[in-house]
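Before any comments, here is the structure.
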Amino acid sequence: MTRKFATLAALAAAVGFFAIPAVAQSPASLAFQNTVKGPPPGWTGPVFKLSAAYPAAAPSQCPECTWLQVPVSFAPKFPPPTDNQWDAGNWSEYLKRILDYVKQGQDPQFGNTPGFQVNVGGMTRWFNVPWMAYDPTVGREFVHGTTNERTAHLRDLIHPPTDFTRGSKPVVGANTIAGEVASCLEQNKAGFETWSVGYYNQWGGVAFGKAIPKSGVPQTADYMGTQMPAGLPFPPGTVVVKFLTTNATPDCVPYLKGSPEWQIDRHVLNAQKTAYTCERSVQISRLVQVDVAVTDSRSPTGWVYGTYAYSADQPGTTFWDHLLPLGIQYGSDPWTFPAVPKAESVPVQQSVLNPGVNIYQHFGCNGRLAGPVDNAQSSCLSCHGSAYAAPGGAVSTMGTNVPNSFGFAGMCTQYSLANTSYFNNTIAPQKFSGGNFPNALPLDTSLQLEVAFQQYGQFNTYKKPAACALGK
Ligand code: HEC
C-alpha cells in the first residue's frame with residue numbers, strides 16, 4: 001500500500017501534476033524564464049527581464065563599430081616589439097571606442113536604478129543568452145539578472161602598487177591599506193562572490209535567435225564542414241559586454257570607493273562567515289570590472305577581448321569616467337610559455353596591457369590579459385577559447401567531452417600538451433587543439449552559450465537542475 005502510494009506520488013511529481021504545471025517544464029519556458037525566482041511581494045527595486053526578442057536579421061555593416069577602422073596590427077612579429085603597443089599600436093583608442101558604444105544611452109552613474117538599459121536610441125540594442133536562469137544555485141537573480149561565478153579572493157582584487165611580477169606570490173596589502181587588508185582577510189574567510197551579467201548587441205542577438213529559437217532547444221548547423229550552433233560564428237559587428245560585481249567593500253579594496261552599489265539576490269554567509277550557503281537574499285555588491293569582446297575579421301581568433309576595472313582614482317564624475325582600461329587580447333600567444341618550453345618562449349604580443357595602470361597590476365598567465373576577478377593562471381582568450389559543448393543535447397563534462405576551462409594540473413606552470421592546447425589560437429569552426437574532443441561543438445568563444453548548452457543538457461538528461469552543493 002505505502003509502496004504503491006509512493007510510486008503514484010513520484011509519478012505525479014514526475015509528470016508535473018502537483019506543484020508545477022506541466023507547461024512550466026517545457027524547454028521553451030525554461031530557456032526564456034527571466035530569473036530563477038521572481039521578486040518577493042512588496043518589492044520596489046528593479047526587476048530583471050530577459051531581453052530575448054532576437055532580431056531576425058541585422059544590417060551587414062555595423063556603422064557604430066568605429067574601432068574596426070582603427071589601424072591596429074594583428075600580424076605576429078619575431079622578435080615581438082619591445083616598446084609597449086598600447087598607445088603606439090592604437091589599442092588604447094580601439095578599446096576606448098568600444099566603451100563609447102557600450103555607454104551610449106546608459107545612466108551616467110550606472111546606479112542600481114535603472115541599472116543597465118537594453119533600449120538605446122528607440123530600439124533594443126542589447127540581448128541576453130537564454131537558459132541561464134535554470135540552475136537555482138548560480139542562475140540569474142531577479143534584480144539585475146546576474147549569475148554567480150567563481151568566488152574572488154582579496155588577493156585577486158588587491159596587489160601592492162609595485163608588484164609588476166604577479167605570478168603566484170601571495171599579494172596582500174597595498175601599502176595604503178595594510179591595516180585594513182589584514183582585518184578584511186580575517187573577516188572574509190569565505191572570499192567574495194562575483195555576480196555578473198552579460199549582453200550581446202543585435203548582431204549577437206541574431207545568432208542567438210538561430211542557435212536557440214523559441215522552442216528553447218539548441219540547434220546546430222553545418223559551417224564549413226563542421227557542426228556548430230546555428231547562426232554561429234558570430235557575425236562582424238558583434239559586441240559583448242559583461243558587468244561584474246563583488247561584495248568586497250571599499251574598506252577592503254580602496255579603489256572601489258564610489259563604485260555603484262547594486263542590489264543582488266545572492267548567497268547568504270553561514271553563521272561563522274566561513275562559507276556561502278544555498279540560501280539567497282538581496283545584498284549589496286559593487287561594480288568592479290567591465291569586460292568587452294568584439295568580433296574583428298582581422299584577428300587570428302576572430303575576436304578582440306578587453307577589460308576595464310573600476311577605479312576611484314580615475315578622474316571624472318561618471319561611472320564610465322572611472323573605468324580604467326587594463327588592456328586587450330586577441331590571441332593566446334602560442335609562442336610563449338607554457339605553450340612552448342621556457343627556452344623557446346618569446347614575450348607576449350597578442351595581449352597588450354595598459355602601462356598606465358598603477359592601482360595594481362593584474363594580468364593572467366605569463367603576461368597575458370586577465371581581469372581583477374579572473375583566474376591569474378589563465379587569460380581571457382585561453383579560457384574563452386575552450387568554449388565547446390557536448391553534441392546531441394548531452395551534459396558537458398569538462399575534461400571528458402569538452403575541454404577544461406577552469407584548470408588542470410600544471411596550468412600555466414609547466415610546458416605540457418594541455419597547456420599547448422589551452423594557450424593555442426583557434427578560429428571557428430576549428431576543434432579544440434590536441435584532438436581530445438573531436439565531437440565537441442565549437443561555440444566561437446562564447447562561454448555563456450556553453451552555460452546555455454550545458455543547462456539544456458542538464459534538463460534534457462535529468463529533467464531537473466543540479467542540486468545546490470554550497471556550504472558543504
Ligand atoms: C578562467 C575562465 C575565464 C577567464 C580567464 C575569463 N573569462 Fe570571461 N567568462 C567566463 C565564463 C565561465 C563566462 C560565462 C558565464 C557568465 O558570463 O557568467 C564568461 C563570460 C564572458 C563574457 C560574456 C560573453 C560570453 O558568452 O562568454 C565576456 C564578454 C567575457 N567573459 C569577457 C572576458 C574578458 C574580457 C576576460 C579577460 C579580462 C575574461 N572574460 C576572462 C570565464 C572566463
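Which value in deg cm²/dmol, rounded to the nearest 500, describes the helix-derived mean residue ellipticity at 222 nm for the chain, given -39,500 (n - 2.57) per DSSP H run of n ≥ 4 and division by the residue count?
So the helix-based figure for the chain works out to -5000 deg cm²/dmol.
Compare the peptides 184-196, 81-93 by average per-residue count of other Cβ atoms within 10 angstrom and give them in order, highest first. Kindly include the intermediate steps, with their values, before the conclusion.
On the way: 184-196: 19.1, 81-93: 15.8.
Top of the packing list down: 184-196, 81-93.
If contacts are Cα pairs under 8 angstrom and at least 6 residues apart, what is the relative contact order of the chain in percent?
15
Could the peptides 346-353, 375-382 be put in order, highest first, of the mean number of other beta-carbon atoms found within 10 Å of their residues? Before the final figure, lay out the partial values.
Values: 346-353: 21.9, 375-382: 25.2.
Highest to lowest by the protection proxy: 375-382, 346-353.
Ranking request for peptides 329-336, 206-213, 110-117: highest mean number of other beta-carbon atoms within 10 Å first, then the rest in descending order.
Per-residue mean Cβ counts within 10 Å order the peptides as 329-336, 206-213, 110-117.
Could you derive backbone 3J(HN,Hα) for the range 125-142 from the dihedral phi with the Karplus parameters 6.51, -1.76 and 1.60 (θ = phi - 60°), listing whole Hz in sequence and x where the residue is Gly or Pro?
Rounded to whole hertz, the list is 9, 10, 10, 9, 8, x, 6, 9, 10, 8, 7, x, 7, 10, x, 3, 8, 7.
Kindly state, as a whole number, the per residue volume in cubic angstrom of the convex hull around the alpha carbon atoms of the range 28-462. Don't jump to the answer; show the numbers that get you there.
On the way: hull volume 64.0 nm³, N = 435.
Spread over its residues, the Cα hull of the range 28-462 gives 147 Å³ apiece.
Find the cysteines in the chain that fail to meet the 4.7 Å Cβ criterion with every other cysteine, and list them.
Cysteines of the chain left without a disulfide-compatible partner: 380, 383.
Can you tell me what the convex hull of the Cα atoms of the range 310-370 projects to on average, as an area in nm²?
4.5
Rule-based calculations on the coordinates, nothing more; no lab input. No experiment lies behind these values; they were computed from the predicted model shown. Don't worry about glycine lacking a Cβ; one is built from the backbone with ideal geometry, like all the others, and counts go over all protein chains shown.
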